[in-house]
1. Need one number: nm distance between label points at Gln76 and Ile186, each 7 Å from Cα along Cα→Cβ, rounded to one decimal.
2. I need Glu152, Glu145 ordered by Cβ neighbour count within 10 Å, fewest first.
3. How many angstrom lie between the C-alpha centres of segment 46-67 and segment 112-141?
4. Explain nothing, just the number: relative contact order of segment 88-176, from Cα pairs under 8 Å at least 6 residues apart, as a whole percent.
5. Using a simple charge model, +1 on the beta-carbon of Lys and Arg, -1 on the beta-carbon of Asp and Glu, nothing else, what dipole does segment 87-241 show about its Cα centre, in debye to the nearest 20?
6. Once Rh is set to the Kirkwood radius over Cα pairs, what Stokes-Einstein translational diffusion coefficient, in µm²/s, holds for segment 77-138 at a temperature of 20 °C and a viscosity of 1.002 mPa s?
7. Two decimals is fine: what is log10 I(q)/I(0) at q = 0.17 Å⁻¹ for segment 41-82, from a Debye sum with one equal scatterer on every Cα and no solvent?
8. Only Cα pairs under 8 Å and at least 6 apart count here; give the relative contact order of segment 2-213 as a rounded whole percent.
Amino acid sequence: MRILERRAGGLLRFVGWCVCRIPNKGALKMAEFSHTGAGRGLDMLAAAEETTSAELRRKFFQHALDEQKHARLFAQRATSLAGARSRARAVLDDANYIRSHDVRPVESRYSELGDLRFMAFVWLAELRGAQQLDVYAELLAGDPESVGIFQEIAQDERSHIAYSRRELDRLVQDGHGKSVSRALLIARLSRLRDGWLRAMRRIGELMASCWLLAVYFLILPPFALLARRERRRPGFLAARPVDPDPRQLALEQI
């Protein structure tokens, strides 16, 4: 599992490097981060409503506020980088993005996972999020405004890591060490599965685009040329003589 995580970290750095080298891709990535933050905020609000612990309710609510702030910062930066009319702006305006890209499930994640597994999910998600932000801050060293946003958000992420880790450590001290280890293992496997599904969806979208381009440029042009050639030739109806209307002939004879 540790080997897979290290490889995932290397893949994250490679993907981040590619994103930083593609023109206008940075703004699109900021827009995607904005939706991710908004989705996490909704998850934390649902958890704050459903938990029976007053202490966790306070922490979950503060976490939700932080995620909404992150979503706003990313959206503002995406608009600043790309302008009002861009693909990034279209992504930001997509009200169905969170649902269509599986950022947040239909049902509450807290009610689906329960206390322990949800806390393991939060800790691991915030840990990976902070690592991702550090990578982008390093790669975008020439953009101090974006780096400042990444560093500010990474600081909030580390506070989320701290409180979720303390909660997990408390459960370990209460004698639930095996349950915590099992919950962390399930959370890691779920992240690997979700990453695999996202990668396959992107590959599928790329393949669909390639097939559509092939159909448009390789298959349709010959048929278009044949249709243009046939229009220039007289057809069956054009070659057939048309009989005069007998009523018209009768009127002409009167």
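No lab work stands behind these numbers, since they all come straight from the coordinates. This structure is a prediction, so every number in the text was calculated from the model and none was measured. Counting neighbours? That spans all protein chains shown, and the Cβs are built from the backbone with ideal geometry, glycine included.
1. Taking the two extended label points, one gets 3.9 nm.
2. Working: Glu152 14, Glu145 11.
Listing Glu152, Glu145 from fewest to most nearby Cβ atoms yields Glu145, Glu152.
3. So the separation of the two Cα centres works out to 17 Å.
4. Details: 49 pairs, mean separation 24.4, N = 89.
Computed value for segment 88-176: 27 percent relative contact order.
5. Working: 25 positive and 20 negative charges, 293 e Å.
In total the dipole reaches around 1400 debye.
6. Rounded to a whole number, D works out at 150 µm²/s.
7. After summing over all Cα pairs, the log10 values are -0.48.
8. Values: 195 pairs, mean separation 41.5, N = 212.
Taking the mean separation of contacting Cα pairs over the length of segment 2-213, I get 20 percent.
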